[in-house]
1. Check segment 107-121 and report whether any residue there is at pLDDT 90 or above and charged (D, E, K, R).
2. Within segment 571-604, count every residue that is under 16 Å from the mean Cα position of the chain (by Cα) and surrounded by fewer than 21 Cβ atoms within 10 Å (Cβ to Cβ).
3. Would you confirm whether or not segment 285-293 contains a residue that is at pLDDT 90 or above, in contact with a helix residue (DSSP H, G or I) (Cβ under 6 Å, 6 or more places away or on another chain) and crowded, with 20+ Cβ neighbours inside 10 Å?
4. If a residue must be surrounded by 12 or more Cβ atoms within 10 Å (Cβ to Cβ) and farther than 21 Å from Ala344 by Cβ, how many such residues does segment 301-329 contain?
5. Among (1) crowded, with 20+ Cβ neighbours inside 10 Å; (2) more than 19 Å from the chain's Cα centre (by Cα), which single condition is Ala98 missing?
6. Do we have any residue at all in segment 222-240 that's in the same structural domain as Leu305 (by TED's automatic domain parsing) and in contact with a His (Cβ under 6 Å, 6 or more places away or on another chain)?
7. Determine, yes or no, whether Gly499 is on the phi > 0 side of the Ramachandran plot and modelled with pLDDT under 90.
8. Looking for whichever is surrounded by fewer than 24 Cβ atoms within 10 Å (Cβ to Cβ), within 20 Å of Leu95 (Cβ to Cβ) and either at pLDDT 90 or above or outside the structural domain of Pro186 (by TED's automatic domain parsing) (or both) here; the options are Gly451, Gly444. Which one fits?
Amino acid sequence: MEMNEMRRRVTQGVVAGAWGRIVRDEDGLTTAGMAVALLLVLALVFSSAQVYRVNAAAADIQEVADAAALAAENPVAEFMVAVRLCDAVVLSLSLLGAVTYGAGVVALCVPPVASVGARLVELGSKILDARSAFAERAAWGLNRLQTALPFLAAANAAAVGAANQGGASGGGYLAAAMLVPSKGAPIAVGADAAAGVLRESVEAESDALERAAAAAEQAAREAQEAKERAFERDCGAHPGYCLYERASHLAALDESLNPFYRSVDAWSFSVPLKRARAYYAQRLAQERPASDSVEEQARSALRKLFYRFAVDELAHGYVIETDNSFDAFFPRLPRNTDEMRQTALYRMAAFPITEGEQRSMHAWAGCPAAAGAVGVGSAADWEQGEFSPCSVCDFTPSSLGSVASASTAIENGFEYHYAAIAQAADEYRVAKERLAPELEAAKGATEGLIGKCAEVARSAGSYRIKAAPPGYRGAVSLVVSTRPVTADEGFESLFVVGGMTLGSRAAVSGATLLEDPSPEGQTVVTALLDGFGGDAGAAVGAARIVLDAWSGLLRVYGEGQEALAGAVEGAAASIPLVGASGLGPWAAGALRGAFATAGLQPARLNALRPVLVNSVHVVAAGEGRFSATYRSVREQALRFSSPTADLFSSVALELEAEALDAVAAGERGIEVARIELPVGGVSIPVTVALPPSLAEGARDLVERCFDAVGSLYGEVTEVIRPWR
């Protein structure tokens, strides 16, 4: 026993000493130690690489699911562009019809271009008809297109899966997608009662408006002609004979009392009345006999009497003029004895009476034969009594009546031009009196019709195309792997177990649409509209007005009231507002004012961009079968951990049933509607085309994706956190 124990201890000592020399050698590690260390490092490297490969393969499928969800929302974003485009066209055509009607009403107020007005009214009616037809076709086309969105979304998702075959991990994927909600709300446009009222009103009142405008224009033209004649007689004929020239030459009136006007627009009838008052007051103050002869002194006395009479008479004259009325009184000065008998001058007691062998009346008190006068009398007294002409001054009533006869009968006389102005003032007043009721009738009809045009513009905000298509809440993608991936492919070694493969993999992702703020004027819709409403050949007249207005109104969708005001201003400026009545410019101003209160606000034109969100948020907003099934399956998957948990099959059945219903509608491009204007040959299709890469074989690809998703039974070993 002792010998054996000794041998055992010796053996242990030898082994311990040898091991100590191997491990604890003070000169460094031995070759065996280095080998062990390298083996450990290599085992860790290859094990870590395999873990990385497994994680990368798992991450790949989630990235594919994310891309598929975004791709599924792309058709919805494009659909909303088509909706906004159609909505913009409907809005622009509603406003174009109203503006065209309004421009037609304005043109009807201008007789020289009334035929253009009638054409504009006709086009306004046709444009509103074209608007309604386009809206109905667009609603039908968009409804047809939105039924295809589930298929288009599924096809896009499937294409993403197919495009990612043989990725970094060498796997293959089939992707299916479902829009939430899976069905959109029907798109429809209602009735536009304001447009019907406008059409009926214009048809009933346009003829009466045109007649009233023509009558007003005729009266206004006559008034304008009378005013122009009066202006010529007063100062327009300068340097020829006229009131201004005669007052300056005969009475030496200065500029303050004898103003000169170069334009009839700045002149008024009050000018010659004031000029005549100053002239006769000056002539009265300046009157002196040209010689000492009795005859000249008698004529001077009669002239002074006439001037005094003129000053008194003109003091009663007046001119009252407003924008809508005119009243004036130009006292008439007698041109002969007969006219004198109708004035106060005829009854003016200013002539000395003498008694003697014959009873006489004298021209003035200074007459040599007037000495011893017993009283004074008038021209009326002379003709009613028994008087003999004075043998010295030869006074008779005709002497007084003829004072102004010469200067009234020839154009170098002041009274000649004054009488013409007084006559023109009467004609102007009569024309203005005829003008007032016609103008009032035309303005009343115009205001009513323009108000109804503006009402159509205001109601255009409710006659719109709005959509809540499939997928407006979002999209959910389901992706499954199509072939196994070898766990150690590319890392084969003796350090890790070989021959293992990654099992079936699946991923879920969600996406929704968010508005992406864009720089002003750079949105998709405005870019599309830039091509509309451009020059349409050699259109002229009413057609040119309509096309130019539409070009401006297409910007209303993005710019609101400012663009509407600009289009109305352009349409009004395109109408030649020539005319004497002023009804055209007034109507154009009324048109601008009426549309200025429409209060249109710009639409939201930011581009819609798909963004990733948690799929829970997407399905929570849905109320269809898919959303309910998805929520139920997800709750079960999160609650239980069964190796036979069916994660996708129930959901896939809902996906396939609803998405494939729209295949037939989506396998070809869709013309949503066609814009057709009754002028300029404008015919523009609004289409949404399916890319050929999706159209060809898309149905088969979608069906295979749903089959693969539906047959996948993922083996879940722990609670999934979280579902995307």
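The values are calculated or read from the model by the stated rules, or taken from the named source; none is laboratory data. Keep in mind that what you see is a predicted model, and the values were worked out from it rather than measured. Neighbour counts run over all protein chains shown; Cβ positions are idealised from the backbone, glycine included.
1. yes
2. Residues flagged as under 16 Å from the mean Cα position of the chain (by Cα) and surrounded by fewer than 21 Cβ atoms within 10 Å (Cβ to Cβ) within segment 571-604 amount to 10.
3. Scanning segment 285-293, I find no residue that is at pLDDT 90 or above, in contact with a helix residue (DSSP H, G or I) (Cβ under 6 Å, 6 or more places away or on another chain) and crowded, with 20+ Cβ neighbours inside 10 Å, so the answer is no.
4. 5
5. Ala98 satisfies all of (1) crowded, with 20+ Cβ neighbours inside 10 Å; (2) more than 19 Å from the chain's Cα centre (by Cα) except (2).
6. yes
7. Yes: the conditions hold for Gly499.
8. Of the residues listed, the single one that is surrounded by fewer than 24 Cβ atoms within 10 Å (Cβ to Cβ), within 20 Å of Leu95 (Cβ to Cβ) and either at pLDDT 90 or above or outside the structural domain of Pro186 (by TED's automatic domain parsing) (or both) is Gly451.
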